[in-house]
């Protein structure tokens with residue numbers, strides 16, 4: 001039975017403002033959440049969600065505004081202060097000591113009278129687990145745990161410290177669908193027990209299935225709060241972006257599919273002997289999009305970098321050249337030679353300027369940096385470099401004074417658009433796009449999804465690695481599922497279910513992928 005909700009908010013923010021240099025991260029933001037309620041904080045990357053929550057958690061201190069806990073104004077200058085007021089934050093990147101057990105990590109930093117008792121801690125962890133439905137062995141080492149188990153340790157750590165207000169930052173980013181649903185069931189039990197829960201996310205379907213209310217931030221400003229049962233994806237998207245956006249992926253049927261790339265029994269290990277990729281086998285066809293699904297750290301990045309020649313691997317990587325009709329072993333080629341054959345990797349890293357863009361050069365020169373003159377250009381098929389740059393700026397809504405602006409003066413998201421647009425403009429025979437929409441607004445994301453589909457229609461073989469399983473299923477023709485560096489299987493994206501793919505993402509049993 002759900003606990004009685006107090007009319008006094010568990011936490012209330014009034015006019016919170018935070019500025020970093022000339023950048024205003026939060027601009028007079030209001031927010032409140034009650035005990036026994038789940039509030040979703042929704043907004044694009046860069047909208048100020050995490051910054052706002054970091055001020056509640058004591059990591060940042062607001063420049064202006066007031067914070068109230070249970071009706072009393074408080075000052076939170078550190079995480080220690082936050083815990084004093086019953087506030088605990090579970091960050092997107094875990095802060096755990098790998099060689100310690102779950103219980104040892106949970107006790108770490110605690111100030112208790114008398115002698116610490118690991119047995120007492122393990123007992124209390126088991127009690128919390130049973131109360132809310134967690135599955136955790138308190139004596140298990142962190143390095144032996146799955147990602148979802150590590151997240152459980154982080155949540156129990158704040159509950160152990162008697163937190164009544166919990167903040168979770170993008171908690172499902174590293175989880176398979178089944179793990180996400182387990183987490184949501186736990187959060188619902190915690191809500192029913194009277195906890196106030198704030199979840200930061202950008203996934204609309206999760207917001208609608210979990211939260212009681214949604215507060216939307218748009219470019220650092222408060223855009224409004226709505227009851228979840230009285231809203232929909234279109235309204236929330238419009239609040240996030242500030243304008244109406246059409247959310248649809250125009251997936252076409254594959255045509256004239258012929259093998260373009262074949263990977264057979266690929267293995268890759270680090271210098272210390274740690275095996276990252278295990279007996280990977282699959283085929284990519286022209287005229288199709290092959291999605292790659294897997295929880296974070298399953299080997300997706302390493303796989304694409306092996307194909308692009310950036311990492312030395314064992315096994316076969318065969319490229320079927322459509323011009324010469326030759327079969328070429330990519331292991332014998334250097335990265336630049338692989339690119340010149342039309343096998344392009346567009347990977348969006350944290351350091352976007354580290355992937356072939358020169359900060360001091362303008363957009364035009366960066367787009368033409370690696371000789372795209374021989375490629376058929378997607379953007380209106382124009383050969384003039386300035387017109388091409390301006391078309392990319394227009395199609396991807398790159399925010400820049402003009403095409404002659406140095407790339408280093410652009411924001412990270414706009415640099416990313418230039419990077420992705422440049423690779424697409426090359427009309428490669430194989431386009432490997434890894435996380436191409438990370439950090440982009442919804443409108444730009446769907447523009448890129450549809451541009452990838454156009455590449456497929458033009459006969460390219462497209463490999464797409466994404467973080468959103470719903471998008472992978474809507475955009476791809478087939479989906480290769482990875483788990484712990486191995487292929488769990490390849491499924492038809494049109495007929496497979498989210499649950500089926502989710503089970504494959506977390507299955508530990510090694511199984512060689514089929515074509």
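The values are calculated or read from the model by the stated rules, or taken from the named source; none is laboratory data. Every value quoted in this text rests on a predicted model; they were computed, and no experiment measured them. Glycine gets a Cβ as well: all are built from the backbone with ideal geometry, and neighbour counts include every protein chain shown.
Overview of values
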read-out: Residue among 437, 481, 487 that alone is crowded, with 23+ Cβ neighbours inside 10 Å and out of contact with any helix residue (DSSP H, G or I) (no Cβ under 8 Å at 6 or more places or on another chain); value: 487
read-out: Residues of region 332-362 classified as surrounded by 17 or more Cβ atoms within 10 Å (Cβ to Cβ) and modelled with pLDDT of 75 or more, total; value: 8
read-out: Number of positions in region 428-455 that are closer than 25 Å to residue 283 by Cβ and modelled with pLDDT under 75; value: 0
read-out: Residue in region 286-305 that is without any contact (Cβ under 8 Å) to a residue 60 or more places away in the chain, under 19 Å from residue 463 (Cβ atoms), surrounded by fewer than 18 Cβ atoms within 10 Å (Cβ to Cβ) and in the same structural domain as residue 479 (by TED's automatic domain parsing) present; value: no
read-out: Output for region 140-165, where each listed residue is under 21 Å from residue 181 (Cα atoms) and in contact with a helix residue (DSSP H, G or I) (Cβ under 6 Å, 6 or more places away or on another chain); value: 148, 153, 156, 157, 159
read-out: Residue match in region 124-141 (condition: under 22 Å from the mean Cα position of the chain (by Cα) and part of a helix (DSSP H, G or I)); value: no
read-out: Residue selected from region 239-257 under the condition over 15 Å from residue 202 (Cβ atoms) and under 21 Å from the mean Cα position of the chain (by Cα), by the criterion surrounded by the fewest Cβ atoms within 10 Å (Cβ to Cβ); value: 248
read-out: Flag for residue 317 being farther than 20 Å from residue 417 by Cα, at pLDDT 90 or above and in contact with a helix residue (DSSP H, G or I) (Cβ under 6 Å, 6 or more places away or on another chain); value: yes
read-out: Of all residues in region 472-494 being in a loop (DSSP other than H, G, I, E, B) and under 16 Å from residue 249 (Cβ atoms), the one that is nearest to the chain's Cα centre (by Cα); value: 476
read-out: Output for region 185-205, where each listed residue is closer than 21 Å to residue 174 by Cβ and either free of Cβ contacts under 8 Å to residues at least 60 places away in the same chain or surrounded by fewer than 16 Cβ atoms within 10 Å (Cβ to Cβ) (or both); value: 185, 186, 190, 205
read-out: Among (1) over 20 Å from the mean Cα position of the chain (by Cα); (2) at positive phi, the one test that residue 219 misses; value: (1)
read-out: Hey, residue 161 surrounded by fewer than 20 Cβ atoms within 10 Å (Cβ to Cβ), touching a residue at least 60 places away in the same chain (Cβ under 8 Å) and over 26 Å from the mean Cα position of the chain (by Cα) or not; value: yes
read-out: Test: residue 213 is under 30 Å from residue 315 (Cβ atoms), over 19 Å from the mean Cα position of the chain (by Cα), surrounded by 13 or more Cβ atoms within 10 Å (Cβ to Cβ) and touching a residue at least 24 places away in the same chain (Cβ under 8 Å); value: no
read-out: Number of positions in region 15-36 that are surrounded by fewer than 20 Cβ atoms within 10 Å (Cβ to Cβ) and either free of Cβ contacts under 8 Å to residues at least 60 places away in the same chain or within 22 Å of residue 212 (Cα to Cα) (or both); value: 10
read-out: Residue list for region 405-420, filter: closer than 19 Å to residue 44 by Cβ and either in contact with a helix residue (DSSP H, G or I) (Cβ under 8 Å, 6 or more places away or on another chain) or surrounded by fewer than 22 Cβ atoms within 10 Å (Cβ to Cβ) (or both); value: 410, 411, 412, 413, 415, 416, 417, 418, 419, 420
read-out: Residues located in region 101-115, provided they are surrounded by 10 or more Cβ atoms within 10 Å (Cβ to Cβ) and either at pLDDT below 70 or closer than 16 Å to residue 137 by Cβ (or both); value: 101, 102, 103, 104, 105, 106, 107, 112
